Amino acid sequence: MNRKLLDLWVGFFVAVGFAAILFLALRVGNVSSANFAETYRLSAKFDNIGGLKVRGPVKSAGVVVGRVVEIAFDAQNYEAVVTMTIDGRYHFPRDTFASILTAGLLGEQYIGLDAGGDEKMLQPGEVFAKTQSAVVLEKLIGQFMFNKASETPASK
Amino acid sequence: MRDGALAFVAGMIRGIGHRVNDALQTLGFAARFFMMILVYSGQSFRRLHLTLREIYFSGFQSLLIILVSGLFIGMVLGMQGYETLQRYGSSEALGVLVALSLTRELGPVVSALLFASRAGSSITAEIGLMKATEQLTAMDMMAVNPIARVVAPRFWGGVLSMPLLAALFSAIGVFGGYLVGVVLIGVDQGAFWSQMQGSVDFELDVLNGIIKSFVFGVAVSLIAVFEGYDAVPTAEGVSSSIKRTVVYSALAILALDLVLTSFMFRGI
C-alpha cells in the first residue's frame with residue numbers, strides 16, 4: 001500500500017478517535033462547568049448528613065457554586081465535618097446558613113447556602129457557624145405519627 | 001491387578017503435573033515475551049511506518065464494525081432504558097443511563113471483545129502462518145529481529161488503536177441512544193443532554209473508561225501476538241492458536257474489567 005495513502009487513513013482514524021474523546025468530554029461529560037478555575041475551602045459541621053456524598057454539589061440560590069470534597073467524623077463532638085471547595089469568584093457572608101437539602105422528594109442530597117447579611121466574608125478554611133442537618137424521613141414520619149396519636153383522645 | 005491400578009493412579013498424577021508444568025512454562029514464556037516486546041519497541045519505533053501500518057490494519061479497518069455495533073447497542077440501551085425509567089416517571093434520566101453505561105462499561109468492554117475477534121484473531125493468524133512458513137526463522141537468519149520487525153509493531157498498533165476505538169464506540173452509542181430516545185420516542189431533548197452533562201464526570205467516567213480500554217488493548221494485543229508466536233507451526237496448530245486468542249482475550253477482558261471496576265468505582 002502507498003505510504004502516503006496509509007498515513008492519510010491512519011491520520012483520519014486518529015483524528016476521528018480524538019474527536020470522539022472530545023465529544024465525550026464536552027458534550028457528554030461537560031468538562032467545562034465541572035471544574036472551577038480557582039477554589040477555596042470551607043467546612044461545616046452537621047449533626048446528621050443523611051445521604052450526602054463526596055463530590056455532591058454545593059448550591060446557592062439553586063446555582064452550583066462548589067463541591068463536597070471530604071466528609072469526616074469528629075469523634076470529640078460526634079459530628080460530621082463536611083469540607084467543600086467553593087468557586088473562587090463567590091464569597092459568602094459570615095452568617096451564611098448551610099443546610100443539607102434534597103433535590104426532589106427522593107433525589108440526591110446537596111448543601112444549600114443561604115447568604116446572610118454580615119459585612120465580613122468567610123475566609124478560606126473557615127467554618128460555617130449556622131448549619132441545619134439533613135431531614136431524615138423516618139424521624140419525620142415517626143414525629144408525625146406520634147403527634148397524631150397524642151391528639152386523637154383530645155379531639156374526641 | 002494391584003500394579004495396574006497403581007500405574008493408572010500414578011499416570012493420572014503425572015498427567016496433572018505435566019499440565020501444570022506446561023501452563024507455568026507458557027506463562028513464564030509469555031512474561032519473557034512481553035519484556036522482549038518492550039525492550040525491542042525502541043528499535044521498532046525507529047521504523048514508525050511499520051506501526052502505522054498496523055494501526056491502519058487493526059484500528060482503521062475495525063472502524064466499521066465498531067461504529068455499527070456501537071450505534072445498535074446505544075439504540076437498544078435507549079429503548080430498554082426508556083422502558084424501565086418511564087415506570088418510575090424519570091424518563092428524562094435516559095441520557096444519564098445511556099452515557100454512564102457506555103462510557104464506564106459497555107464502550108471499553110464490548111469494543112475490546114469486538115477488537116479481539118476482528119483484529120486479534122487476524123494478528124494471531126498472520127504471525128502463526130509466518131512461523132509455520134518459517135518466515136520468522138528466515139528473518140532471524142538475515143539478522144532481522146522478528147520481534148522488532150513483526151511482533152512489536154502489531155502489539156503497539158493494537159494498544160494505540162484500542163482507546164480510540166472505545167471512545168468512538170461510546171460516542172456513537174450515545175448518539176444511538178439520542179436517536180431512539182429523543183428522535184423516535186420523544187424524550188425532552190434539553191433534559192436528555194443536561195442531565196447527562198450533570199451526571200457524567202470527565203475524570204471519573206470518561207477518563208476511567210479510556211484507561212480501561214488501554215489496559216484491554218495491552219491484554220488483547222499481547223495475547224494475540226503471543227499466541228501467534230507460540231503457535232505450533234502446522235495448519236492445525238495455527239487454527240487452535242486463533243481459537244485460544246479469542247477465548248483468552250474474552251476471559252482476560254471480562255476478568256480485568258471486574259478488577260478495574262472495583263478499583264475505579266468503589267462505593268461512589
Exercise. Using only Cα atoms, what is the ratio of the radius of gyration of chain B to 2.2 N^0.38 Å?
Worked result: 1.24
Exercise. How big is D, in µm² s⁻¹, for region B:136-268 by Stokes-Einstein at 4 °C and 1.567 mPa s if Rh is the Kirkwood radius over C-alpha pairs?
Worked result: 73
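Where in chain B are the helices, taken as whole DSSP H runs, whose Cα atoms extend 15 angstrom or more along the long axis and whose Kyte-Doolittle mean reaches at least 0.5? Present the calculation step by step, with values, prior to reporting the outcome.
Numbers: long enough: B:2-45 (63 Å, 0.62); B:63-85 (32 Å, 1.73); B:121-132 (16 Å, 0.68); B:152-178 (40 Å, 1.19); B:189-199 (16 Å, -0.66); B:208-229 (31 Å, 1.41); B:235-264 (43 Å, 1.14).
Helices meeting the span and hydropathy rule in chain B are B:2-45, B:63-85, B:121-132, B:152-178, B:208-229, B:235-264.
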Exercise. How high is the FRET efficiency between B:E83 and A:V63 when r is their beta carbon distance and R₀ equals 25 Å, given to the nearest 0.05?
Worked result: 0.15
Problem set entry | Label zone at A:A129 (point 7 Å along Cα-to-Cβ), backbone N below 14 Å, region A:54-95 | A:93-95
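Which value, in Å³ per residue, describes the convex hull spanned by the Cα atoms of chain A? It would help to have the intermediate numbers written out before the result.
Numbers: hull volume 32.2 nm³, N = 156.
That works out to 206 Å³ per residue.
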Exercise. So what is the relative contact order for region B:2-264, in percent, with contacts set as C-alpha pairs under 8 Å and at least six apart?
Worked result: 31
Exercise. Over 30 Å between Cα atoms, which of B:K131/B:K212; A:K4/B:K212; A:K45/A:K120 qualify?
Worked result: B:K131/B:K212; A:K4/B:K212
Problem set entry | Overall dimensions of the protein assembly as shown as given by Cα atoms, namely Rg and Dmax in Å | 29.1, 107
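Please state the relative contact order of chain A as a whole percent: Cα pairs under 8 Å, 6+ residues apart? Could the numbers behind the result be given before it?
Details: 249 pairs, mean separation 36.0, N = 156.
Normalised by residue count, the contact order of chain A is 23 percent.
Computed from the coordinates by the stated procedures, all read-outs in this text should not be read as laboratory data. A quick note: this is a predicted structure, and the numbers were derived from the prediction, not measured. Neighbour counts run over all protein chains shown; Cβ positions are idealised from the backbone, glycine included.
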